[in-house]
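Have a look at the structure below, then the notes.
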Protein chains: 2
Amino acid sequence: MQCYKAPLRDLRFVLHELHGGAGLADLPGLADLTPALIDSILDQAATLCEQVLAPLNASGDAEGCRLENGVVRTPAGFAAAYRAFCDGGWTALGADPRWGGQGLPHSIAKAVEEMICGANLAFGTYPGLSSGACQAIARHAEPGLQARYLPKLVDGTWSGTMCLTEAQCGTDLGLVRTRAVPQPDGSYRISGNKIFISAGEHDLTANIIHLVLARLPDAPPGIKGISLFLVPKFLPDDDGQPGARNGVICTGIEHKMGIRASATCQLAFENATGWLVGAPHKGMAAMFTMMNSERLSVGVQGLGLAEASYQGAVAYARERLQGRALAGARRPDLPADPIIVHPDIRRMLLTMRAYAEGCRALAGWVARRMDEAERAEDPELRQDAADFTALMTPVVKALFADLGFEASNLGVQVYGGHGYIRDHGMEQYVRDARIAMIYEGTNGIQALDLVGRKLPQDTGRLLRSFFHPVSDFIEAHRGEPVHAALLDALGRAFAALQGATAEIAGKGMADPEEAGAAASEYLRLFGLVALGFIWARMALAAAAKLPQAGPDAAFYTAKITTARFYMERILPQAGGLYLAIKSGKAAMMAMEEEAF
Amino acid sequence: MQCYKAPLRDLRFVLHELHGGAGLADLPGLADLTPALIDSILDQAATLCEQVLAPLNASGDAEGCRLENGVVRTPAGFAAAYRAFCDGGWTALGADPRWGGQGLPHSIAKAVEEMICGANLAFGTYPGLSSGACQAIARHAEPGLQARYLPKLVDGTWSGTMCLTEAQCGTDLGLVRTRAVPQPDGSYRISGNKIFISAGEHDLTANIIHLVLARLPDAPPGIKGISLFLVPKFLPDDDGQPGARNGVICTGIEHKMGIRASATCQLAFENATGWLVGAPHKGMAAMFTMMNSERLSVGVQGLGLAEASYQGAVAYARERLQGRALAGARRPDLPADPIIVHPDIRRMLLTMRAYAEGCRALAGWVARRMDEAERAEDPELRQDAADFTALMTPVVKALFADLGFEASNLGVQVYGGHGYIRDHGMEQYVRDARIAMIYEGTNGIQALDLVGRKLPQDTGRLLRSFFHPVSDFIEAHRGEPVHAALLDALGRAFAALQGATAEIAGKGMADPEEAGAAASEYLRLFGLVALGFIWARMALAAAAKLPQAGPDAAFYTAKITTARFYMERILPQAGGLYLAIKSGKAAMMAMEEEAF
């Protein structure tokens, strides 16, 4: 039985103690956002996630979605949960107040997202997609479209999708074939077939607003000839109510490894009426403006599942009696000791914990900087924050997805055979977590984005937004004996990252295949160092609080212990990654294609 | 669509070129086993696996097993496939000729097992369990039981199970509660409930012979009070035909993450008639005599799935057109290049290949030594071979299971979204592979076996059976410039392994928790070095053949390139593992139980 508890104490630590929640209120437009208000929002989200969403997670997976005569039925309870979600205002959380949104910053929205994903990832895909569609419309659509669609998307009456992928193109959207033909009235007729459309069809909302990538008749070939269109399932009538059925139908749904309660649809557009969003042929740019937020959200999915799986594993490790502690029976009154006494079980639990808490803190940092990039008054601060966000986006997306998957696998392993069967819900986390490594750009694509785009951009300016804080931190705390081991470990890993960066900058500029060959290991190395940095900061923050912590002492002590575990047990992987990167492309490019 | 091809060329390389197939025939009783005969056996196994078993893999997963009124229905086609399997003599492959077996060595049996697992892992569990039961009966049961049961188990008319696990005990079999009460006629009445019994009930055979761990009334508590019993589903009548129904019923089957066509049963024994196998209270010893072979078989499951997933990924990487090569279009005639041109795709494919071929060669080596341990005339050679087999058993089981899972995940990743849906069968490999890390002793238990039992045994004598060949090899080839990089990499990793061994020997003897804390990383390090050694040997063997290879040149060149990839890209992980091991238990044992 899954039993999710929102990690409120740790979220508060990240928001208030690590990244300074009060500072958030200093940003323009956020003056009212006191720590008490933030806590109240988090508490309400926790209640919804624990009591409404989490109880539907396993049943939603078992039941899955069904396609019946073109209509997708979501699992039992999802429609009611979605209404509760809307009624609570959660669809409006981060949206612009102009359209009925609450205008809350990413720092809060991502924290809430983590809870949603931990409680019920499949459910979260429905409002998640809507939120992305909202952002694209809010930034690029003309005012008439905004007024007509945004209020209903923001309050959750309608939902949204992103229709990018087609059978012949996923990563390479330049191959999109869907066509858009302009009409005399300014609308367009859209025809083509899309696949893998999350929430493409379902029974949760009265209308579904598709954002569709398609080509205009005069489009140049490839990626520069893609435009973005808004295509509603029902054309709104003059009152804004869903009217005539538009020419888009669901022709199939996918049978997937996981997130089975999320409807992944094949959609056929046949002369569907749509409207251009943004400039002609600039559809990719319109999609990419919201990519940072979307990719961070996918990373947060990995984080949410790491936390959920950790909780399940700890509960089992405490109650499962099996064998005796290596140093002698710990509970001679019982037939065996609980398995939490075993070092190898603790290794797995601490790895999961180090991932979950490390990713949470790192997500909090990136979200905070995203807020600064959008809201700060100082243009230099804004630029640096935007640089940092752009740099960290692929790292967070790919790293968190990987670690979420690794953590949920460890969760299964703690349960042994009981993890492999459906009953405890642990194997579902693995199946659900697997998708995050794939969608919103595969992790390999994230790695290429990091080395091919973010690294060289403006001669390394983006990179400095991360490297400078790290080297400043190491410098500032040099010679503090109490933190020496921590800082040494971080320093060694950071040196490996600097070395790898120089290696790629040197080789990769001359030969893009060298950068490509290094990409995945480099992203992993980057991510491990970023987690190492945030763990060092957390350990220092916890150590500073500990003397006056009172009943919170256990929390801060655990933080310091987990930091140590991360530094000693996980961060040392940095050296091997650096060696792999240095070896270059030769071995992988030498292989003849036929020889594989 | 899954499309499995047995890796015959590489199996021949391992059997004939790397470990010397002719030498196998030098072992007593194997004089007839010429390379030509071996090849013919492999060819026939390949045909069966490709044409009969592989086509049922995806459909078996989709359909799963059903329990109807106490009877388990296997998926469509399984019964016919099982008959073909028996008719081909494959259940008898490794069995003693005394009971109708073909008496073939482990070297051949494990090669055939790899193909079965690659084609249809779930199917393979049925004959796999029978084979284990056969071995236990052949070694420990009294002659009357052997004569009554073995011929029918060997020819596949009946099948067997291993009934160990109960709800309250998996790893810790000392907690077994099933009871056996002696009867005046020498039989026993068995009562108790077992779970997770693979092939515990099914419709493939006329009878099922359960080997059951249970306690006699006078049993001492714990692991030293466990006895082994033979309990048939139907009691054979005087003609040896299935007669009266015995008191064992299937009360449920598990809904699992994978191997869904393998029936995992809950069995209730109610005054079931059984017979003692081996001495009273020595059931664990009877089970463990076949453990080396069983655990190697589980490792081979990981290998089989790594190969199957690799084949699927290569096929897709060749045909999927997406993006352009980083160094410029490779196929300007096509709308995009096949993704196999991208370094990151090649990284994934070569990782999978390095795992599959490395594990195959290592499995071949261990199987060969297992044959020597059982058959060689020279007692010193036998002892050394037995030492090596005992040492490598936990390494092979856990490492191959881990790598099989990692490889099948990479296979999904190569497919992107198309890997996450059921259609291509790639996600099934992941779900199927996951079990190998759990059953026959979790990977954590394997690691404890390695550091806690195998390492200290006879003051490190077992260890020398592996360390000596490695250091001899490095010494023998020192100063050969053509292999310098390879040997350097191996030498560095081997030094890390030696250092880690000394570390554990030092700390772990005084404090078993230190050994436990190091166990999993040590096993991984050990496994990576073992693969590094076998890859170095393969590279040298291939390099020696290359000048006269003719049309086989591509095979040997690919072998050398993959060896280089392994040494440059994977083996460098050894350093980080050594550092983690050196850090000791402190971080993971310091955490208070309540603080998790």
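The values are calculated or read from the model by the stated rules, or taken from the named source; none is laboratory data. Keep in mind that this is a model prediction, so the values were computed, not measured. Every residue, glycine as well, gets a Cβ built from its backbone with ideal geometry; the counts of neighbours run over all protein chains shown. Note: accessible area is taken over every heavy atom of the protein model, side chains too, but ligands, DNA and RNA are not part of it. Shrake-Rupley method; radii C 1.70, N 1.55, O 1.52, S 1.80 Å.
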Among A:Gly222, A:Gly283, A:Cys163 - extreme Cα towards positive end, dipole of the range A:159-287, charges at beta-carbon: A:Gly222
Residue-wise HN-Hα coupling along the range A:124-141, computed from phi with Karplus coefficients 6.51, -1.76, 1.60 (Hz; x: Gly, Pro): x, 5, 5, x, x, 5, 4, 4, x, 4, 3, 4, 5, 5, 4, 8, 10, 7
Mean separation of Cα contacts under 8 Å (6+ apart) over length of chain A, as relative contact order %: 13 percent
Heavy-atom accessible area, 1.4 Å probe, ligands and nucleic acids excluded: residues of the range A:161-203 down by at least 40 Å² from chain alone: A:Asp172, A:Leu175, A:Phe196
Chymotrypsin sites (Phe, Trp or Tyr not before Pro) within the range B:390-486, DSSP loop, no more than 10 other Cβ atoms inside 10 Å: none
Computed E for A:Asp238/A:Asp32 - FRET, C-beta separation, R0 30 angstrom, nearest 0.05: 0.20
Cross-link reach list, aspartates and glutamates versus B:Lys582, counting only Cα pairs under 18 Å and skipping chain neighbours closer than eight places: A:Asp344, A:Asp488, A:Glu568, B:Glu503, B:Asp511, B:Glu513, B:Glu514, B:Glu521
Degrees separating the helix A:35-48 axis from the principal Cα axis of chain A, which is the longest one: 70 degrees
Long-range amide H partners of B:Cys163 with built H, under 5 Å: B:Leu211, B:Val212, B:Leu213
Semi-axis lengths (Å, descending) of the ellipsoid that matches the C-alpha gyration tensor of the range B:333-411: 39, 12, 7
Nearest-0.05 FRET efficiency for B:Lys282 and B:Val181, computed from C-beta distance (R0 22 Å): 0.75
Relative counts (whole %) of C-alpha pair distances in chain A, using bins that are 20 Å wide: 20, 54, 25, 2, 0
Chain lengthening between B:Lys5 and B:Ala80 when straightened (0.36 nm per residue, less Cα-Cα): 24.9 nm
Acute angle (nearest 10 degrees) that the helix A:512-545 long axis makes with the longest principal axis of chain A, alpha-carbon atoms: 60 degrees
Buried accessible area, chains A and B (both chains, 1.4 Å probe, Å² to nearest 100): 7800 Å²
Global geometry of the range A:400-532, whether rounded, prolate or oblate, following the gyration tensor of its Cα atoms and the 1.5 cut on a/c: oblate
For the range B:302-347 and the range B:16-84, distance of Cα centres in Å: 30 Å
Cα-based helix-to-principal-axis angle, B:484-510 vs chain B, degrees rounded to 10: 40 degrees
Carbon plus sulfur fraction of accessible area for chain B, probe 1.4 Å, in percent: 54 percent
Unit charges on C-beta of K, R, D, E only; dipole of the range A:325-365, Debye: 100 debye
Positive dipole terminus of the protein assembly as shown, leading residue within A:Gly23, A:Leu267, B:Cys134 (C-beta point charges): A:Gly23
Segment B:Asp87-B:Asp378, extension gain: residue separation times 0.36 nm, minus the distance between their alpha carbons: 101.1 nm
Dipole magnitude of the range B:116-212, debye to nearest 20 (Cβ charges: Lys/Arg +1, Asp/Glu -1, about Cα centre): 160 debye
Unit charges on C-beta of K, R, D, E only; dipole of the range A:68-156, Debye: 120 debye
Shortest-first distances to equivalent copies, position A:Glu377, nm, label 7 Å out along Cβ: 9.6
Amide N of the range A:184-208 lying under 18 Å from the label point, which is placed 7 angstrom from the Cα of A:Asp218 along Cα→Cβ: A:184-189
B:Asp39/B:Asp472 FRET efficiency (R0 25 Å; Cβ-Cβ; nearest 0.05): 0.25
Label-to-label distance, nm, for residues given as A:Arg98 and B:Asp488 (7 Å Cα→Cβ offset): 6.1 nm
Cα shape, the range B:159-287, gyration tensor, a/c 1.5 rule: oblate
Stokes-Einstein D (µm²/s) once Rh is taken as the Kirkwood radius of the protein assembly as shown over alpha-carbon pairs, at 37 °C in 0.692 mPa s: 105 µm²/s
